[in-house]
Amino acid sequence: MTLANDVDFAVGVGAIRDLLERNGIEPSEVGRLHRIKDVRLYQGLAKIDLFDKEGKVVGQNLEVQDMASVVLHPKWEDGPEWPVVQPGPSFRLPTLTPKASEPREWKTAVVWPDIQIGYYYDKNENLVSTHDEGAISLALAITRSIKPDVVVLVGDNLDMPEMGKYRLSPAFKRTMQPAIDYATELMFKIRAIAPGADILWLAGNHEERMVNYVLDNAEAAFALRQGSRPDGWPVLSVPHLCRLDESAVTYLAGYPANDYWLNERLRVIHGNRVKSSGSTSHEYLRQEKTSVIYGHIHRREWNEQTFVKWDGPKTIMAASPGTLARVDGAVPSTKGGIDLHGRPLTMVENWQQGIAVVTYEDTDDHRFFYEQVPFHNGSALFRGKLYDA
């Protein structure tokens, strides 16, 4: 658009500010929403009415006046300031030839809690992870040793701070792409060490950040798919960006309604309840009618409750394996702090790391046995074997 009006050159910048405001444009929007393409200063002739003592027009004079025009373009015409988020890198897995085997009475599942994959830039502009790569290496090693039938990722595998609703420091900007790339590679790594397993990724509240961000900021792009792929994932979605079809990982959307049942007595959810002092498990026991493994709280918890039914006593369990994120304040949270450069400060969170292993049967009595595998300072002791990150 082009704006033109008279400008007093002695006033300068203030006059241009007035010019913008008279045309309905907030000066604070210039630079953020609009780009100044051109400013022109020139002179023009204006007719000035002459009045007598009674206020009647008796003639006109020509007067030279200083003029200005400001040409603005909306900033979105220049495109994004950095590349839009792309799918993670593609990987080629070796050809797998499944071997026929007799059905096993007992099966094994590994449950990975919140990974919070993300990054921030340090003072040298190097990427620093908010997920704990040492803890992830422990989870991979233990998963490989178990040869599980099922791997369940309870959600919040991606942190996505840029798409959250909270104020974010510049150190976390432009980190979505490396996080997508890392998550994509990690899914292929899990597939490589558990080639015959069912791998489930439950969407948590952090994965929902992408859904909400698109709805709030680019509704027209919501649910858009690649051309001629009516059954494909939306382009701006976790399963598309992380190539989950290629790594054969099943994505369960719809937080907080999504869940996965290991058998008729045990289900896995991300969870949406947070209580202090280790009492989240008590809240689930109070409301649930069956046993549940949940995430979301980043703490290791395990409680059971036994009550009487007509056919005898029944015991249900509520347990959280912890987290695979850093526990030193690197993950953006309401309790965290940043320095004057916007980088997170070291602060011990009341979080604990670990995974869970479940041995279960999906016939007969649908029994299961839950094992908590705690991680301490980059080490884990599981079934008599010590693992080091």
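The values are calculated or read from the model by the stated rules, or taken from the named source; none is laboratory data. The shown structure was predicted, so the numbers you read here are calculated from the model rather than taken from an experiment. Every residue, glycine as well, gets a Cβ built from its backbone with ideal geometry; the counts of neighbours run over all protein chains shown. When the accessible area is computed, the model is the full protein with side chains, heavy atoms only, and any ligands, DNA or RNA have been set aside. Shrake-Rupley method; radii C 1.70, N 1.55, O 1.52, S 1.80 Å.
Using a simple spin-label model with pseudo-atoms 7 Å out from Cα toward Cβ, ALA389 and SER90 lie 3.4 nm apart. Scanning residues 5 or more positions from GLY271 or on other chains, those with amide H under 5 Å from its amide H are GLY295, with H placed 1.01 Å from N in the peptide plane. Rolling a 1.4 Å probe over the heavy atoms of the protein chains gives region 147-230 an accessible area of 45 Å² per residue. Considering only beta bridges that DSSP places wholly inside region 144-285, some 25 percent are antiparallel. Of all the accessible heavy-atom surface of region 168-257, with the other protein chains kept in place and a 1.4 Å probe, what percent is carbon and sulfur? Summing carbon and sulfur atoms, their accessible area is 51 percent of the total for region 168-257.
Write out the trypsin sites (Lys or Arg not before Pro) in region 202-307 meeting two conditions: DSSP loop, and at most 12 other Cβ atoms within 10 Å of their Cβ. Intermediate values should be presented prior to the final figure.
Values: sites: ARG209, ARG225, ARG243, ARG265, ARG267, ARG273, LYS275, ARG286, LYS289, ARG299, ARG300; in loops: ARG225, ARG243, ARG265, ARG273, LYS275, LYS289, ARG299.
The qualifying sites are LYS289.
What FRET efficiency comes out for ASP198 versus PHE307 if R0 is 22 angstrom and r is the Cβ-Cβ distance? Round to the nearest 0.05. The calculated FRET efficiency here is 0.10. In loop segments of region 274-345 as defined by DSSP, the chymotrypsin sites (Phe, Trp or Tyr not before Pro) with at most 10 further C-beta atoms inside 10 Å of their C-beta are TRP310. In this structure, the amide hydrogen of PHE382, modeled 1.01 Å from its nitrogen in the peptide plane, lies closer than 5 angstrom to those of TYR387, counting only residues at least 5 positions away or on a different chain.
Output the pairs from LYS189/LYS275; LYS173/LYS335; LYS123/LYS165; LYS189/LYS314; LYS107/LYS385; LYS189/LYS385 with a Cα-Cα distance over 29 Å in this structure; if there are none, say none.
Working: LYS189/LYS275 34 Å; LYS173/LYS335 20 Å; LYS123/LYS165 25 Å; LYS189/LYS314 39 Å; LYS107/LYS385 21 Å; LYS189/LYS385 22 Å.
From the list (LYS189/LYS275; LYS173/LYS335; LYS123/LYS165; LYS189/LYS314; LYS107/LYS385; LYS189/LYS385), the Cα-Cα distance tops 29 Å for LYS189/LYS275; LYS189/LYS314.
For region 107-166, chymotrypsin sites (Phe, Trp or Tyr not before Pro) meeting the loop criterion (DSSP other than H, G, I, E, B) and having at most 11 other Cβ atoms within 10 Å: TYR166. When the square roots of the Cα gyration tensor eigenvalues are ordered a ≥ b ≥ c, the ratio a/c for region 275-389 is 1.5 or more and a/b does not exceed b/c, which makes its shape oblate. Rolling a 1.4 Å probe over the protein heavy atoms of region 271-389, with every protein chain left in place, gives an accessible area that is 51 percent carbon and sulfur. Using θ = phi - 60° in the Karplus curve 6.51 cos²θ - 1.76 cosθ + 1.60, the 3J(HN,Hα) couplings for region 138-149 round to 5, 4, 5, 5, 5, 4, 4, 5, 7, 6, x, 7 Hz; x is entered for Gly and Pro. Going by a ≥ b ≥ c, the root eigenvalues of the Cα gyration tensor, does region 171-218 fall in the rounded group (a/c under 1.5), the prolate group (a/b larger than b/c) or the oblate group? Note, shape of region 171-218 comes out oblate. Scalar couplings 3J(HN,Hα) for region 233-250, obtained by applying the Karplus form with A = 6.51, B = -1.76, C = 1.60 to θ = phi - 60°, are 6, x, 4, 8, 9, 4, x, 6, 5, 9, 6, 5, 5, 6, 8, 6, 9, 7 Hz; x denotes Gly and Pro. Applying 0.36 nm per residue to the separation of GLU54 and GLU26 and subtracting their alpha-carbon distance, the gain on full extension is 6.0 nm. Accessible area per residue for region 279-389 is 52 Å², calculated with a 1.4 Å probe on protein heavy atoms, without ligands, DNA or RNA. Taking other residues whose beta carbon is less than 11 angstrom from the beta carbon of ALA248, and scoring Lys, Arg as +1 and Asp, Glu as -1, yields -1. Under a point spin-label approximation (7 Å from Cα along Cα-to-Cβ), what is the ALA223-THR250 distance to one decimal in nm? Placing both labels 7 Å beyond Cα along the Cβ direction yields 2.3 nm. Using a/c under 1.5 as the rounded threshold, could you call region 180-273 rounded, prolate or oblate? The axes a ≥ b ≥ c are square roots of the C-alpha gyration tensor eigenvalues, and prolate needs a/b larger than b/c, oblate otherwise. In terms of gyration-tensor shape, oblate.
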